[in-house]
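The values are calculated or read from the model by the stated rules, or taken from the named source; none is laboratory data. In this text, all values refer to a predicted model and were calculated from it rather than measured experimentally. So basically every Cβ, Gly included, is an ideal-geometry build from the backbone, and we count neighbours across all protein chains shown. Just the protein is used for accessible areas: all its heavy atoms, side chains included, with ligands, DNA and RNA removed. Shrake-Rupley method; radii C 1.70, N 1.55, O 1.52, S 1.80 Å.
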Amino acid sequence: MELDQLTLALAAQELGSFAKAAERAGLDPSVVSRQIAGLERALGFRLFERTTRRIAVTEAGQAFLNRVRPLLLDLDEAAEAARDLVATPKGRLRVTASTAFGQVIVVPMLPAFQAAHPDLTVELRLTDALVDMVGNGVDVAIRLSKEAPAETVVRRLMSVRYRVVASPDWAGRLRRPEDLQDVGCIVFPYPGFRNLWQFRKSGASIDVPIRGSLEITGALA
């Protein structure tokens with residue numbers, strides 16, 4: 001049985017006519033008749049006795065439709081409540097971001113965001129570890145990445161460009177990106193950053209293997 005069939009049957013019970021139920025729904029009366037007949041076949045009993053001039057609800061139909069009506073009303077109320085949540089954000093929003101980005105970018109934006117959405121509770125989780133969004137109940141993850149899991153909806157917020165810096169003692173000895181292979185670098189222990197740095201020169205990409213005995217997880221360190 002389908003929701004449309006139940007709705008039409010309830011309308012026919014209330015109005016006492018397939019034609020009036022069809023008029024309310026903006027359908028041809030023959031469509032309403034077929035829909036209710038299909039519902040009766042699915043149920044295995046007749047909801048209405050028909051004559052050429054009127055319809056009458058059967059005893060079984062009366063019992064069934066009287067039970068169904070409050071259920072459909074509850075369904076309508078549930079849909080309305082869900083629409084209200086979509087129109088006005090409410091509840092708890094779980095957001096994760098890297099520690100540095102969260103502290104520098106996200107945290108200063110929170111007062112204005114909460115003022116705009118007073119019914120929303122924000123739970124901000126700052127971590128440099130990759131988080132399983134589904135397993136940890138995370139709604140939004142802000143991450144620096146070339147790729148994202150296939151099951152997620154991705155939006156680019158900004159592009160990031162890194163700069164290589166060195167102490168004065170080293171700066172004079174580093175003339176080309178490839179020279180970094182011969183020095184100890186401070187590295188991030190994350191996939192894509194640990195052993196390879198990527199440079200661009202005149203539109204061309206240069207991958208430079210790097211090494212280092214000092215790993216730092218926080219960009220603000």
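When nucleic acids and ligands are ignored and a 1.4 Å probe is applied, residue 152 ends up with an accessible area of around 40 Å². By accessible area, using a 1.4 Å probe on protein heavy atoms only, the chain has 54% of its surface on carbon and sulfur.
Surface exposure of the chain, expressed per residue as accessible area with a 1.4 Å probe, stands at 72 Å².
Helices in the chain, meaning DSSP H runs of at least 4 residues, each add -39500 (n - 2.57). Divided by all residues, the mean residue ellipticity at 222 nm is -11500 deg cm²/dmol.
In this calculation the C-beta distance from residue 214 to residue 115 is compared with R0 = 35 Å, giving a FRET efficiency of 0.25.
Against the criterion of solvent-accessible heavy-atom surface with a 1.4 angstrom probe, 124, 27, 71 sort, most first, into 71, 27, 124.
Between residue 153 and residue 179, the modelled label-to-label distance comes to 4.9 nm, taking each label 7 Å out from Cα in the direction of the beta carbon. On the basis of the beta-carbon distance and an R0 of 35 Å, residue 166 and residue 131 show a calculated FRET efficiency of 0.60.
Between residue 20 and residue 105, residue separation times 0.36 nm minus the direct Cα-Cα distance comes to 24.6 nm. Taking one quarter of the surface of the convex hull spanned by the alpha-carbon atoms of segment 1-122 gives a direction-averaged projected area of 11.4 nm². Which percent, to the nearest 5, of DSSP beta bridges fully inside the chain are antiparallel? Restricted to the chain, the bridges split so that about 40 percent are antiparallel. Kindly express, to the nearest 10 degrees and within the range 0 to 90, the angle between helix 29-43's C-alpha long axis and the longest C-alpha principal axis of the chain. Once rounded, the angle reads 80 degrees.
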